[in-house]
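The following block contains the structure, expressed as C-alpha cells.
The values are calculated or read from the model by the stated rules, or taken from the named source; none is laboratory data. It should be emphasised that the depicted structure is a prediction, and the values quoted were computed from it without experimental measurement. Glycine gets a Cβ as well: all are built from the backbone with ideal geometry, and neighbour counts include every protein chain shown.
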Amino acid sequence: MEHLTDNFGRQISYLRLAVTDRCNLRCQYCMPAHGIAIVDRKELLTFKEMYRITRVLSELGVNKVRLTGGEPFVRKDFDKFLEMLSFNDLLDEINITTNGALIAKHISKLEALKINTVNLSIDSLNKENFAKITRRDVFDEVYKTLELLEKSSIELKLNAVVQSGANTHELIDFIELTKHKKLAVRFIEEMPFNGIGQREMKDTWNYDKILKHINAHYEQVIPIQSHKSSTSKNFKIQGYQGSFGIIPAFTRTICNDCNRIRITATGLFKNCLFDEGVFNVRDFIRNGASNDDLKALFLSIVKEKPQNGFVAEANRKRNKTVSESMSTIGG
Ligand code: SAM
Ligand code: SF4
C-alpha cells in the first residue's frame with residue numbers, strides 16, 4: 001500500500017473531516033454573536049463525496065477519522081453517514097467532536113456502531129457561566145450527554161478551551177471531575193479562530209501557565225506517557241480515576257509528530273490548522289476526477305505539509321492574520 005508521507009518523514013494517518021459549517025451554539029471563542037456567514041447547502045460536500053474521499057485516503061494509510069464541524073449532529077442524517085462510514089473496514093477508529101447538546105438520543109446507536117471516542121466540548125461546569133460562554137442555555141442537555149457517555153462503552157474526552165477570566169477559575173473543578181469519573185479532560189489553549197481575530201485578554205493562559213496553576217493546587221501531578229502523535233500532554237492526580245491533558249494548540253509544540261490532515265465542509269484540503277487550505281477536493285471530484293486521480297492528488301499535496309504551524313501561518317497569502325472561525329475549519 002502506498003502511504004501518505006510528507007517531506008519531513010511524517011506519515012499521515014488521521015483525517016479530521018468537518019461535516020458541516022452550521023452550529024446550534026455561538027461559543028465566544030469560535031464565532032461572533034450573530035454567527036458566521038454559512039455557505040449554500042450545494043457547496044457542502046455530500047455524504048457520498050465524504051465517504052469516497054475517506055475511502056481513498058484510507059487506501060493510502062489513513063486509519064482514523066474524526067468527524068467534526070460546525071456541530072456534526074445538526075447535519076440531517078449524520079447518524080446515517082456514521083453507519084455508512086462504519087462499513088469502511090480500513091478504518092480502525094471513528095471519533096466525533098461534538099458540543100453534545102443534541103446527542104443524548106443517539107448514544108446507543110454510537111455504541112452499536114463502535115464509535116471509539118467522543119470529544120465533548122464543555123467549557124464550564126456552571127450553568128450560568130456555560131450559557132455566557134456558549135451564548136445558549138443548553139448546559140443541562142450537555143451535562144446529561146456527559147453522564148450518559150461516561151456510562152457507555154465509548155471513550156470520553158472533555159474539551160475545555162481555556163479562556164482568560166471566563167473559565168480559568170474552574171480548571172480545578174474540571175480536574176476534580178476526574179476523581180470519580182473515568183474520563184479525560186483536555187484543556188485547550190485558545191486560538192484566534194473566532195471569525196474576528198485575537199480577543200483582548202487580561203492574561204495569556206498558555207500551556208505553561210495552565211500547568212503551573214494546576215501544580216500549585218495539587219501535591220502530586222503525575223505525567224502520563226502519551227502516544228507519539230497525541231495532541232495533548234497528559235497527566236493524572238494520584239488516586240483519581242480519570243486524567244487530564246493540555247493541548248498546546250496555539251504555542252504549537254506538538255507539530256513534529258503531527259499525523260493529521262483536515263478537510264473542511266466545503267471540501268478544502270488543509271495540511272495544517274494554520275494554513276489557508278491548499279486544494280478544493282470537492283471541485284476536483286465534481287469535475288470528474290477518478291479515484292486514481294484523487295490518490296495522486298493526495299500523495300502530492302501532503303508533500304507540501306509545512307514543518308509546523310508557525311511556517312503554515314507565515315505562508316498565508318490571502319488572509320495574513322488568522323481569524324476564520326473554527327466552525328468553518330473543523331476543529
Ligand atoms: N461543535 C463541535 C464542538 O464544539 O465540539 C465541533 C466543532 S468545534 C470547532 C471543535 C473544537 O474546537 C471544540 O472543542 C472547540 O472548543 C474548539 N475550538 C473552537 N474554537 C476554538 C478556538 N478559537 N481556540 C481553541 N479551540 C477552539
Ligand atoms: Fe459551535 Fe463548536 Fe464553535 Fe461552539 S466550538 S460555536 S459548539 S462549532
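Quick one: residue 171 ticks every box in (1) assigned to a helix (DSSP H, G or I); (2) surrounded by fewer than 19 Cβ atoms within 10 Å (Cβ to Cβ) except a single one, so which number is it?
Result: residue 171 fails condition (2) only.
Further question: Write out, first by first residue and then by second, each pair whose Cβ atoms fall under 9 Å of each other, whose residues are 6+ apart or on separate chains, and whose first residue, in region 1-17, is farther than 18 Å from residue 230 by Cα while the second is of a type in the set (Ser, Thr, Tyr).
Qualifying pairs under 9 Å: 3/13; 4/13.
Can you run down the residue pairs with Cβ atoms below 6 Å, 6 or more apart or on separate chains, where the first is in region 230-243 and over 13 Å from residue 219 (Cβ atoms) and the partner is polar (S, T, N, Q) and in a loop (DSSP other than H, G, I, E, B)?
Pairs that qualify, where the first residue is over 13 Å from residue 219 (Cβ atoms) and the partner is polar (S, T, N, Q) and in a loop (DSSP other than H, G, I, E, B), are 234/226; 242/178.
What number of residues within region 311-331 are under 27 Å from residue 67 (Cβ atoms) and either within 14 Å of ligand 1 (Cβ to nearest atom) or at pLDDT 85 or above (or both)?
13
For residue 182, are the conditions met, namely being part of a loop (DSSP other than H, G, I, E, B) and closer than 19 Å to residue 222 by Cβ?
yes
Related question: What's the number of the only condition in (1) within 14 Å of residue 267 (Cβ to Cβ); (2) in a loop (DSSP other than H, G, I, E, B); (3) not β-branched (Val, Ile, Thr) that residue 16 fails to meet?
So the condition that residue 16 fails would be (2).
Which one is nearest to the chain's Cα centre (by Cα) among residues in region 89-140 that are among the acidic types (Asp, Glu) and surrounded by fewer than 16 Cβ atoms within 10 Å (Cβ to Cβ)?
Looking at residues that are among the acidic types (Asp, Glu) and surrounded by fewer than 16 Cβ atoms within 10 Å (Cβ to Cβ), I get 93.
Check off (1) in contact (Cβ under 8 Å) with a residue 12 or more places away in the chain; (2) not in a strand (DSSP E or B) for residue 131 and give me the number that stays unchecked.
(1)
Is there a residue in region 294-310 that is touching a residue at least 12 places away in the same chain (Cβ under 8 Å) and within 16 Å of ligand 1 (Cβ to nearest atom)?
For region 294-310, residues touching a residue at least 12 places away in the same chain (Cβ under 8 Å) and within 16 Å of ligand 1 (Cβ to nearest atom): present.
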